[in-house]
There are 4 protein chains.
Amino acid sequence: MASSSKAGVPAFDAPELEELKRTLVTACHILDREGITDGYGHVSARVPGTAAFFTIANVSPGLASLERLIMLDCDGAYLGGAETPPNEWPIHGRVLRARPDAMSVCHTHSVWSSLFSVLPIKLRPLHHYGKFLPADGPPVYEAAGLVRTVERGDALAAALGSGPVVLMRAHGDTVVGDSIQQAIQRTVRLARLGELLHLALLHGEPRYLTPKELETFNADEQFPARGWEYFVSRLGKQG
Amino acid sequence: MASSSKAGVPAFDAPELEELKRTLVTACHILDREGITDGYGHVSARVPGTAAFFTIANVSPGLASLERLIMLDCDGAYLGGAETPPNEWPIHGRVLRARPDAMSVCHTHSVWSSLFSVLPIKLRPLHHYGKFLPADGPPVYEAAGLVRTVERGDALAAALGSGPVVLMRAHGDTVVGDSIQQAIQRTVRLARLGELLHLALLHGEPRYLTPKELETFNADEQFPARGWEYFVSRLGKQG
Amino acid sequence: MASSSKAGVPAFDAPELEELKRTLVTACHILDREGITDGYGHVSARVPGTAAFFTIANVSPGLASLERLIMLDCDGAYLGGAETPPNEWPIHGRVLRARPDAMSVCHTHSVWSSLFSVLPIKLRPLHHYGKFLPADGPPVYEAAGLVRTVERGDALAAALGSGPVVLMRAHGDTVVGDSIQQAIQRTVRLARLGELLHLALLHGEPRYLTPKELETFNADEQFPARGWEYFVSRLGKQG
Amino acid sequence: MASSSKAGVPAFDAPELEELKRTLVTACHILDREGITDGYGHVSARVPGTAAFFTIANVSPGLASLERLIMLDCDGAYLGGAETPPNEWPIHGRVLRARPDAMSVCHTHSVWSSLFSVLPIKLRPLHHYGKFLPADGPPVYEAAGLVRTVERGDALAAALGSGPVVLMRAHGDTVVGDSIQQAIQRTVRLARLGELLHLALLHGEPRYLTPKELETFNADEQFPARGWEYFVSRLGKQG
């Protein structure tokens, strides 16, 4: 299949996109290494200034490579790279369309997001790792079925609203960030927070962070770069 | 011991069975790698179009190899390969006899199947990973004792009925598939589902998937091939 | 320090004891690899037909080696090998003295034994992995303090009685076997059983195995050799 | 940046401090390997006889190296080494100032410390691994916000008082020791104890160790050297 070209979108192989693609591959490997994804999640990255994005073709994140990236636009039109889009491309396309501030979207089946997606309890922050969340926790997209249509993608984006995270009932989560690094860091911290809240709830009502306390934590620097460096360093080691 | 021959069954070493045997070995390694089996499970694969099957001889799945496969018929008659059948060969022989649609059988002692086998709570699907299960969960084979006789194997097959899974009280589970890949994928997903349901039940009544919601999920493609590719890729890495 | 000799006890370096010593080192490594010990457990093996035994000197099981074995008698007299006995040598000496049927003793701080040691709930078998236990579970040695004296060792042996296992409050467990292999297998299965019972108890009263059901399981072959082969195969791989 | 010199404090590169620095790097790697830190903890070591200390610059403990150590005084003045102090240097500076007996401070976000930091339940010792703790458990520093100011560091030190540990609400813990080895061993054992107490509390009121029983355990030798040897041996192996 030849790459379609689209007005204003650089070609799949444009040299200025090389670093973005490499970071996206690394991001997929990190989610795999950190035990957040199993074989079925995906990450996307917006081509800056456009409605096009890169994601992995029909392959597990742990096996992502430059050769297995695909470029699509927000309506699912093929723009280059590997030829088989992931089944759930509308998660990425429709969220990126609805959220011009988002530069990256992660979708995983994290056990902790899956857990809170089926409970009548909100995933509210009780550790500063959750300071990027609203004090009353992220919303839940309730509909059954994989997000394989534009309609379902738009409904997911509506459930996400202007927030950082939407849980997906019986399924997992979708997380956005202003960079690939932020989307990955949020995805990992959401899982860590979900585990901690699960543990705490077993012992009664825990002390959640108040909106004012979240503000205090948010006044500090966000997600220092040593987190990404650490994740990258772990890719060569199994665990 | 010389291989017996049986009318209509190819020889143990027939070249057309080589790929099936290699896939069976890989399947055993996957269950070991994914932490589903300890040293004691086994997987079988039907010789297509016959009542004969391959399984591992008296060896742990993680140590399966072509040299340690055995061919048996559904009554336990030796048809070739390694000479010591697994103690519980009737799990495979009698289920494959009772279920002509099944091409592969997995038996493991998964902690999650073991758990639900001793609880008064059914392992009902609350994540789409469980969409291959009935909405009210799999049955439980209640009898004590290892399945080392034809009688017990027949009783297990009766408990399984026409479904994909039977839990085995104080023991583990038996799972069937229309291919080795499907049996393995179901076994892994059953364990993931069991863990998730366990976690969810600690917080009250979770939202299960309704029969209609299961239908919605089942309308999507089943078990895409990237899962198997991913499992295979992990065999070279320890974790 | 020169090896003392003792009537009827072969020398530390006697060739006929070489295999026993190698198996003991392997056993220590297995407990480490399987996540049962942290840095502080130990395993011993009786010199056949005597009241002497080998154990590891003051070293973690994961670092056991032929050079770091020590030979002691049941009163703690030094008979050869590395010179620093483990702090808690009386666990081994006094249990082996009290239990002529025991050929090996394992002491670990397994999280699951530690857990049931401080609960008012007995670790009763609800999976066939616990078929070596009494139906009402093992006793608990209640006294505080490490077992560093003959008196405490004798009290521990009294609490063990004629059974396979004694839990040690706020500490861990001591397990005996008629071979090193059996003691290791029992130690691993005790931990697996403890985890399973812990999980099951969170959901109400589980179905325990009755004495009659335990008999049915015990009529089957005990601990087939493929378990030991599997444990050994895992020593070269980290996880 | 040139190293400042300070009366009575050896230079960053003084040969007599080489071993201390190497031990500090090893300590950071141990916390990473044992799964206690994620990318964000830090360890410090006092320059003996002074109010100066070494810690890691703005880097994850798993990536600590001699080149990424920094020397600071208790007020945060730069004394040598890598140039970017960790955001939360006041944890180390102000605790070392307030506690002349402390030679090392560890700060981690251990899931178990984080858990008990948000519960209305004290982390009381119920296993001898917690014998270094008071019988009624460590205090909790309640304030929100990272410890990035001298004022917050002083408040943390006040909450710690003369004890070995202070939990930090929605954050983690700070642990002191009379050596790097003791601080690390305490940090690891605090996490193991927290996990065990969490498990035990799920089954009702566990049997805690009484002050008298803690005395009995404390009469035994503390933290034998084989623990540190074991931790070091694991650094070369992933798990």
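Please find the FRET efficiency linking A:Glu83 to B:Asp136, where r is the Cβ-Cβ separation and R0 is fixed at 45 Å, and quote it to the nearest 0.05.
0.65
Set the Förster distance to 60 Å, then compute FRET efficiency between B:Glu229 and C:Asp101 from the Cβ-Cβ distance, nearest 0.05.
It comes to 0.70.
Roughly how far apart, in whole Å, are the Cα centres of segment D:144-197 and segment A:121-194?
After rounding, the separation between the Cα centres reads 32 Å.
How far is helix A:89-98 tilted off the main Cα axis of chain A, in degrees rounded to 10, range 0 to 90?
Once rounded, one gets 80 degrees.
Accessible area lost on pairing B with D, both sides, 1.4 Å probe, Å² to nearest 100?
Summed over both sides, the interface buries about 0 Å².
Please give me, ordered by residue number, the GluC sites (Glu not before Pro) of segment A:79-164 that lie in loop per DSSP and have at most 13 other Cβ atoms within 10 Å.
Answer in residue order: A:Glu83, A:Glu142.
Indicate the gyration tensor shape class of the protein assembly as shown (rounded, prolate or oblate), computed on the Cα atoms with a ≥ b ≥ c the square roots of the eigenvalues: a/c under 1.5 is rounded; otherwise a/b larger than b/c is prolate and the rest oblate.
Oblate shape, in that a/c is at least 1.5 and b/c is the bigger or equal ratio.
Give the residue from D:Phe132, D:Thr108, D:Leu69 lying farthest towards the positive end of the charge dipole for segment D:1-155; charges sit on Cβ (+1 for Lys and Arg, -1 for Asp and Glu) and the dipole is referred to the Cα centre.
D:Phe132
Considering only protein heavy atoms and a probe of 1.4 Å, how much of the accessible area of segment B:26-117 is carbon and sulfur, as a whole percent?
50
Less than 15 Å Cβ to Cβ from C:Gly163, Lys/Arg counted +1 and Asp/Glu -1: what total charge do the surrounding residues give?
Taking every other residue near C:Gly163 into account, the sum is +2.
Output, in nm with one decimal and in ascending order, the distances from the A:Pro120 label point to the matching label points of the other copies (7 Å from Cα along Cα-to-Cβ).
2.2, 2.2, 3.0
Per DSSP H run of n ≥ 4, the term is -39500 (n - 2.57); total these for chain C, divide by its residue number, and report the mean residue ellipticity at 222 nm rounded to 500 deg cm²/dmol.
For chain C, the value works out to -10500 deg cm²/dmol.
Sequence neighbours fewer than 8 away in the same chain don't count; with that in mind, list the lysines whose C-alpha is under 23 Å from B:Lys212.
Those lysines meeting the cut-off are B:Lys122, B:Lys131.
Direction-averaged shadow area of the convex hull around the Cα atoms of segment C:109-197, nm²?
The Cα convex hull of segment C:109-197, projected and averaged over all directions, gives 5.4 nm².
May I ask you to derive the relative contact order of segment B:82-239, considering only C-alpha pairs under 8 Å and at least 6 residues apart, and to give it as an integer percent?
30 percent.
Report, for A:Pro211, each distance to the same residue's label point in the other copies, shortest first and in nm; define the point 7 Å along Cα→Cβ.
4.6, 4.6, 6.5
Determine the shape class of segment B:1-55: with a ≥ b ≥ c the square roots of the Cα gyration tensor eigenvalues, call it rounded for a/c under 1.5, and otherwise prolate if a/b is greater than b/c, oblate otherwise.
Since a/c reaches 1.5 and a/b is larger than b/c, the shape of segment B:1-55 is classed as prolate.
Hey, could you pull the Cα Rg and Dmax for segment D:26-130, both in Å?
Answer for segment D:26-130, Rg first and Dmax second: 14.6, 43 Å.
Based on Cα positions only, what radius of gyration and what Dmax would you give for segment B:160-211, in angstroms?
For segment B:160-211, the Cα-based Rg and Dmax read 12.8, 37 Å.
Return the single residue from D:Val105, D:Val150, D:Val175 with maximal mean-square fluctuation; model: Gaussian network over chain D, springs between Cα atoms under 10 Å.
It is D:Val150.
When you take every Cα atom in segment B:77-131, what is the radius of gyration, and what is Dmax, the widest Cα pair distance, in Å?
15.4, 43
For segment B:201-217, list whatever residues lose no less than 30 Å² of accessible surface once every protein chain is in place, relative to that chain by itself, with the probe at 1.4 Å.
B:Leu202, B:His203, B:Arg207, B:Glu213, B:Thr216, B:Phe217
Go through C:22-34, A:12-24 and give me the packing order, highest mean Cβ count within 10 Å leading.
Ranking, from highest mean packing down: C:22-34, A:12-24.
Normalised by the number of residues in segment A:134-175, what is the relative contact order in percent for Cα pairs under 8 Å and 6+ residues apart?
About 46 percent, as a whole number.
Kindly express, to the nearest 10 degrees and within the range 0 to 90, the angle between helix C:180-201's C-alpha long axis and the longest C-alpha principal axis of chain C.
The answer is roughly 30 degrees.
Just how large is the dipole of the protein assembly as shown about the Cα centre, in debye to the nearest 20, putting +1 at every Lys and Arg Cβ and -1 at every Asp and Glu Cβ?
780
Would you mind checking the tilt of helix D:150-160 against the longest principal axis of the Cα atoms of chain D, expressed as 0 to 90 degrees and rounded to 10?
30
Keeping all protein chains in place, calculate the accessible area per residue for the protein assembly as shown (probe 1.4 angstrom), answer in Å².
34
For B:Gly76, which inter-copy label distances result when the label point lies 7 Å beyond Cα on the Cα-to-Cβ vector, reported in nm to one decimal and in ascending order?
5.4, 5.4, 7.7
Could you state the principal axis extents of the C-alpha atoms in chain B, from the largest down, to the nearest angstrom?
Principal extents (Cα only, largest first): 58, 39, 32 Å.
Just check segment A:21-79 against the gyration tensor rule for me: Cα atoms, a ≥ b ≥ c as the square roots of the eigenvalues, rounded for a/c under 1.5, and otherwise prolate or oblate depending on whether a/b exceeds b/c.
prolate
The values are calculated or read from the model by the stated rules, or taken from the named source; none is laboratory data. Everything quoted here is computed from the prediction, not taken from an experiment. Cβ coordinates were reconstructed from backbone atoms using ideal geometry, including for glycine residues, and neighbour counts include every protein chain displayed. Just so you know, the surface numbers come from the protein's heavy atoms only, side chains and all, with ligands and any DNA or RNA stripped out. Shrake-Rupley method; radii C 1.70, N 1.55, O 1.52, S 1.80 Å.
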